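Input: a single structure, listed below in structure tokens.
The values are calculated or read from the model by the stated rules, or taken from the named source; none is laboratory data. The structure presented is a predicted model; accordingly, all values stated were derived computationally and were not measured. All Cβ positions, glycine included, derive from the backbone under ideal geometry; neighbour counts span all protein chains shown. Surface areas here come from the heavy atoms of the whole protein model, side chains and all, with no ligands, DNA or RNA. Shrake-Rupley method; radii C 1.70, N 1.55, O 1.52, S 1.80 Å.
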Amino acid sequence: MSLVSGPGRAVGSLPDHTLCVHKHVEYIKNLDSRRDELEYWLTEHLRLNGVYWGLTALHLLGFPEALPREETIDFVLSCQRENGGFGAAPGHDAHMLYTVSAVQILVTLDAVDELEKRGLGGKQKVGSFIAGLQDRTTGSFMGDEWGELDTRFVYGAFNALSLLGLLDLVDVTKAVAYIQKCENLDGGYGICPGAESHAGQVFTCVGALAIAGRLDLVNKDRLGGWLSERQLDNGGLNGRPEKLQDACYSWCARLVVYQGIVRTDSLQDPEAGGFGDRPGNMVDVFHTHFAIAGLSLLKFEGVQEVDPVYCMPRTVTMKYLKK
């Protein structure tokens with residue numbers, strides 16, 4: 001089971017704002033059939049993430065059973081390492097980002113219990129791996145044993161641990177204090193203290209604060225102003241000043257939502273399915289996922305509700321988080 005391969009066709013155009021649901025479903029389902037293409041193997045390092053992106057997109061499109069459940073679960077569990085974490089694919093080193101995707105997939109499929117049933121140490125072992133990546137002095141999180149720091153990893157830890165009911169394994173207070181140090185004067189957030197504000201880090205930092213119940217620490221007016229400036233004249237959003245628009249940043253505007261941000265007719269491929277990052281570019285499962293999630297935030301007709309904190313189907317998080 002794999003949902004990442006090489007790029008698809010260049011996006012086409014439609015005369016209206018029709019969402020080609022069935023084309024997108026088929027595009028995602030067929031991603032694993034491209035094993036004879038070089039691009040398929042060049043993207044092995046994104047394999048587990050790709051399953052999360054594809055599975056979530058399918059749920060939001062209203063086709064939660066489009067992928068074979070047991071085969072998907074088997075693939076995810078084959079990526080687990082002895083330390084409890086998950087790698088991008090079987091045999092790859094464990095990393096925070098892949099571990100988070102594994103947890104999100106298992107939660108979406110209601111299969112967390114499989115960790116215990118198959119003698120893989122249960123969710124506690126996964127939680128211990130994540131908790132072991134926190135620096136208890138600064139509150140920050142590493143991505144893996146090699147020490148890379150990024151606010152994505154704080155959010156990932158909070159995301160996965162809260163879904164597993166194990167958030168108490170880490171020092172939430174210190175992690176929140178670390179996130180505060182990553183806030184800039186423009187209201188945005190960077191990957192570490194002093195780093196440039198970026199829309200992706202806005203999502204991870206604000207998302208982590210939301211899970212910790214500390215949204216009161218966000219300067220909503222200042223951050224809202226910075227986010228509003230990310231929208232360009234063509235309706236798209238960029239991740240930072242003077243950069244091109246990208247479909248995935250439609251997701252990061254969840255604090256300041258403008259009707260019409262995402263133009264489905266210019267980003268999707270109406271023939272082969274999938275979304276590209278911007279008009280004229282090839283489609284891929286990452287941008288397909290975030291474009292559809294962005295449409296959900298905009299309450300686009302026919303797209304199911306997404307949880308804006310977890311970027312997962314709302315029906316799933318409501319069940320696991322008892323919302």
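Brief remarks on what is shown
- Measuring r between the beta carbons of D113 and A66 and using R0 = 25 Å, the FRET efficiency lands at 0.65.
- Put a plus charge on the Cβ of each Lys and Arg, a minus charge on the Cβ of each Asp and Glu, and nothing anywhere else: the dipole of the stretch 96-143 about its Cα centre is then about 140 debye.
- Carbon + sulfur, % of accessible area of the chain - ligands and nucleic acids excluded, 1.4 Å: 51
- Sequence of S128, S228 from largest to smallest accessible area, 1.4 Å probe: S128, S228
- The aspartates and glutamates within cross-link reach of K243, meaning a Cα-to-Cα straight distance under 19 Å and a gap of 8 or more places when in the same chain, are D186, E196, E229, D233, D277.
- Zone of D93's modelled label, taken as backbone nitrogen in the stretch 149-164 under 19 Å from a point 7 Å along Cα→Cβ: 149-154, 157
- Only helices enter this figure: runs of n ≥ 4 DSSP H residues, each worth -39500 (n - 2.57), summed and divided by the residues of the chain, yield -12000 deg cm²/dmol at 222 nm to the nearest 500.
- If the chain linking K174 and E145 were pulled fully straight, counting 0.36 nm for each residue of separation and taking away their Cα-Cα distance, it would gain 8.4 nm.
- Proximal charge balance of L166 [Cβ under 12 Å; K/R count +1, D/E count -1]: +1
- Taking Cβ atoms as reference points and 10 Å as the exclusive limit, the residues near F290 contribute a net charge of -2, counting Lys and Arg as +1 and Asp and Glu as -1.
- Most fluctuating residue given options V154, V126, V176, as computed from a GNM of the chain linking Cα atoms under 10 Å: V176
- Near C20, once Lys and Arg are set to +1 and Asp and Glu to -1 for all other residues with Cβ below 9 Å from its Cβ, the sum equals -1.
- Looking at the chain, the accessible area is 42 square angstrom per residue; that uses a 1.4 Å probe and ignores ligands, DNA and RNA.
- Accessible surface for M318 stands near 90 Å², nearest 10, in the context of the full protein assembly shown (1.4 Å probe).
- In summary, the lysines within cross-link reach of K125, defined as a Cα separation below 19 angstrom excluding same-chain residues under 8 places away, comprise K117.
- Separation between Cα centres of the stretch 266-323 and the stretch 77-91, rounded to whole Å: 26
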